[in-house]
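Notes follow once the structure below has been shown.
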Amino acid sequence: MFDAGTHRLAAELLALSEKRGFTVATVESCTGGLVCGALTAIAGSSAMVLGGLVTYANEAKAALAG
């Protein structure tokens, strides 16, 4: 689903997060959830990815994401 460059960047972000003891959460709009999708396409990502919020309408952005 994702090209090799996107897959590589997602894997690098997750590896760095794991190394530093960080978790990842996303809040997306125009990307429609693709960032979180790229992260969760990596095996083992559930150890670092908490989840994602996709808002598109301005009202939803204001209410849910501030």
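Does E12 satisfy the criteria of being part of a helix (DSSP H, G or I), exposed (fewer than 14 other Cβ atoms within 10 Å of the Cβ) and either under 14 Å from the mean Cα position of the chain (by Cα) or in contact (Cβ under 8 Å) with a residue 40 or more places away in the chain (or both)? Yes; evaluated as a whole, the condition is true for this residue. Screening the candidates S17, S46 for the property of being part of a helix (DSSP H, G or I), of a type in the set (S, T, N, Q), modelled with pLDDT of 95 or more and open to solvent by 90 Å² or more (accessible area, probe 1.4 Å) yields one hit, S46.
Restricting attention to region 34-43 and to residues that are under 10 Å from the mean Cα position of the chain (by Cα) and over 12 Å from M1 (Cβ atoms), the residue that is most open to solvent (accessible area, probe 1.4 Å) turns out to be V35. Among the residues of region 1-8, is there at least one that is open to solvent by less than 80 Å² (accessible area, probe 1.4 Å), at pLDDT below 95 and of a type in the set (G, A, S)? No, because not a single residue in region 1-8 is open to solvent by less than 80 Å² (accessible area, probe 1.4 Å), at pLDDT below 95 and of a type in the set (G, A, S).
The values are calculated or read from the model by the stated rules, or taken from the named source; none is laboratory data. Predicted model only: the values in this text are computed from it and were never measured. Using ideal geometry, Cβ is built from the backbone for each residue, glycine included, and neighbour counts are taken over all protein chains shown. We work out accessible area using only protein heavy atoms, side chains counted, and drop any ligands, DNA or RNA first. Shrake-Rupley method; radii C 1.70, N 1.55, O 1.52, S 1.80 Å.
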